[in-house]
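Participant: What follows is a structure written as structure tokens; I'll ask about it next.
The values are calculated or read from the model by the stated rules, or taken from the named source; none is laboratory data. Because the structure is predicted, anything quoted here is derived from the model rather than measured. Using ideal geometry, Cβ is built from the backbone for each residue, glycine included, and neighbour counts are taken over all protein chains shown. Ligands, DNA and RNA are stripped out before the accessible areas are found, and what is left, the full protein with its side chains, is counted by its heavy atoms. Shrake-Rupley method; radii C 1.70, N 1.55, O 1.52, S 1.80 Å.
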Amino acid sequence: MSSRNQQLFERAQRYIPGGVNSPVRAFRSVGGTPRFFASGSGARVVDVDGKSYVDYVGSWGPLILGHAHPEVVAAVRAAALQGLSFGAPTAGEVEMAELLCEMLPTLEMVRLVSSGTEATMSAIRLARGFSGRDLLIKFEGCYHGHSDSLLVKAGSGMLTFGNPSSGGVPADLARHTLVLDYNDCVGLAAAFAEHGPQIAAVIVEPVAGNMNLIAPQPAFLQAMRDLCTAHGAVLIFDEVMTGFRVGVRGAQGLYGITPDLTTLGKVIGGGMPVGAFGGRREIMAMIAPLGPVYQAGTLSGNPVAVAAGLATLQLLRGAGFYESLAQRSRQLTDGLVAAADKHRVPFCAQAIGGMFGMYFRSQCPQSYAEVMDCDKDAFNRFFHAMLDAGHYFAPSAFEAGFVSAAHSEDVIASTIAAAEAVFSAW
């Protein structure tokens, strides 16, 4: 008999394109049947067949406290009892804005939205409106949501303009985006030398997490800051994934770089749909109703979502929270590397705060091209073997993983033991 997971996936494919509401969930990269989850608690999720898994996806990053944290759930319940949405200002929105600006001092003003995609789309429009320029620089392998300007792949040469990487994106729009190599200071300087007066903004994941985890070279981020300042371009840090995930002040605090605008999401919603963008007051003052750059959203600052985010952010401020989180992440990556080395499996891994990357290659990659050099078939074998053993990693070789405060040393040790059993069979 087919499993409940299989039955649901067959039903879903009749009514939902690909059977999923976000592409990576379809397991196309790794093969097999997606797991449909019924519940989650702490570090674990349970699928509709009743099987329990240690979860290293964490809703793709937001669940830094683990699933169904009691204080977050209580905040959501209390807010919901007062009303689900008003389409009008609430006190919670003000509290959230104040807290975000306190925790990230580069935010002088902030606006709440409903998703990371909406935050980055709005920040780019704002940067173009502020600068009066059109050209955007992004980096190969960095993902900033699915708005048209960002669904662009690299051209044929280092300084060629991008080509659409999705149907429905006009080539005329893609030509306003220049795609460069991540961690390439020389290419970045050359782009500014040739196009400086036309560059409105540079947008970057300060720690890349959408081509697996790629750590930035400190000189790369500093060069970006210096070049944007020299040429009057707006530097946008996309911290939708890294914000409050790699440290209490995000990646910008970790690396000591001050962006002009920051986009946030994931953790600031605590599992509910919340995004935000903010930065320098003079730039943010260009947003309607103060200025000519239009942005709006019916559910922006939704009171239930804001309640979840506020409860989460307050808990993150506890003494030693991030030190403990980073230690657990390193325990996982160090343990996986040791298990692979013991059985001579080409493998490496690294962690930054509560994020980690694992790669079936001899050294941790520093660019999109090096990520593409990883052994994808080996990852797929590992993914399914670990899934069978009750450990759920992202169903793609090109996604970062996440550790939460609910992942105890014993839970992580069980994952390492399972990985060693998998590697021993190779």
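Participant: Just to confirm my numbers, what's the Cα centroid distance between the range 292-363 and the range 106-134 in Å?
Facilitator: Here the two parts' Cα centres lie 24 Å apart.
Participant: Could you check the spin-label model distance between D49 and Y15? Points 7 Å from the Cα along Cα→Cβ, value in nm.
Facilitator: For D49 paired with Y15, the spin-label model returns 2.3 nm.
Participant: Evaluated at 20 °C with a viscosity of 1.002 mPa s, what Stokes-Einstein diffusion coefficient in µm²/s does the range 27-141 have when Rh comes from the Kirkwood expression over alpha-carbon pairs?
Facilitator: Working: Rh = 18.3 Å.
Approximately 117 µm²/s, per Stokes-Einstein.
Participant: A further question follows. Might you tell me the accessible area per residue for the chain, computed with a 1.4 Å probe and given in Å²?
Facilitator: Numbers: 17550 Å² over 426 residues.
I get 41 Å² per residue for this part.
Participant: Got a number for carbon plus sulfur as a percent of the chain's accessible area, 1.4 Å probe?
Facilitator: Numbers: 9370 of 17550 Å².
The value for the chain is 53 percent carbon and sulfur by accessible area.
Participant: Restricting to the chain, compute how many DSSP beta bridges are antiparallel as a %, nearest 5.
Facilitator: Values: 28 of 46 bridges.
Bridges in the chain are about 60 percent antiparallel.
Participant: Between W426 and T258, how high is the FRET efficiency from 1/(1 + (r/R0)^6) when r is the Cβ-Cβ distance and R₀ = 45 Å? Nearest 0.05. Don't skip to the answer; put the middle values down first.
Facilitator: On the way: r = 46 Å, r/R0 = 1.02.
Result of the calculation: an efficiency of 0.45.
Participant: Shifting gears a bit: Positive end of the charge dipole of the chain (Lys, Arg +1 and Asp, Glu -1 on Cβ, about the Cα centre): tell me which of P34, A189, C364 has its Cα farthest that way.
Facilitator: Selected residue: P34.
Participant: Also, quick follow-up: Rounded to the nearest 0.05, what FRET efficiency do R317 and A417 have when you use their Cβ-Cβ distance and R0 = 35 Å? Could the numbers behind the result be given before it?
Facilitator: On the way: r = 34 Å, r/R0 = 0.96.
Between R317 and A417 the formula returns 0.55.
Participant: Setting aside same-chain residues fewer than 8 positions from K153, which aspartates and glutamates have a Cα under 19 Å from its Cα?
Facilitator: Cα-Cα hits under 19 Å: D134, E140, D172, D181, D184, E205, D238, E370, D373, E399.
Participant: Please list the non-local residues whose amide H lies under 5 Å from the amide H of A208, H modeled 1.01 Å from N, same-chain partners needing a gap of 5 or more.
Facilitator: Excluding prolines and chain starts, which carry no amide H, the hits are I214.
Participant: Using the basic label-point model (7 angstrom from Cα toward the beta carbon), what is the R344 to Q6 distance in nanometres?
Facilitator: 3.8
Participant: Would you mind getting me the FRET efficiency between T33 and R381? Use the beta-carbon distance for r and R0 = 25 Å, nearest 0.05. All intermediate terms of the calculation are to be shown ahead of the outcome.
Facilitator: Numbers: r = 17 Å, r/R0 = 0.67.
Result of the calculation: an efficiency of 0.90.
Participant: Rounded to the nearest 20 Debye, what is the dipole magnitude of the chain about its Cα centre when Lys and Arg each give +1 and Asp and Glu each give -1 at the C-beta? Kindly include the intermediate steps, with their values, before the conclusion.
Facilitator: Working: 30 positive and 36 negative charges, 133 e Å.
Taking the Cα centre of the chain as origin, the dipole is about 640 debye.
Participant: 7 Å from Cα along Cα→Cβ at both D172 and A80: what's the point-to-point distance in nm?
Facilitator: Roughly 4.7 nm, to one decimal.
Participant: Under 26 Å between alpha carbons, and skipping anything fewer than 8 positions from K342 in its own chain: which lysines qualify?
Facilitator: Filter leaves K376.
Participant: Run the dipole for the range 358-426 about the Cα centre, Lys and Arg Cβ at +1, Asp and Glu Cβ at -1, nothing else charged, and hand back the magnitude in debye, nearest 20.
Facilitator: On the way: 3 positive and 9 negative charges, 21 e Å.
In debye, rounded to 20, the range 358-426 gives about 100.
Participant: To the nearest 20 debye, what is the magnitude of the charge dipole of the range 180-304 about its Cα centre, counting +1 on the Cβ of each Lys and Arg and -1 on the Cβ of each Asp and Glu? Mind showing how you got there, number by number?
Facilitator: Details: 6 positive and 9 negative charges, 92 e Å.
It comes to approximately 440 debye.
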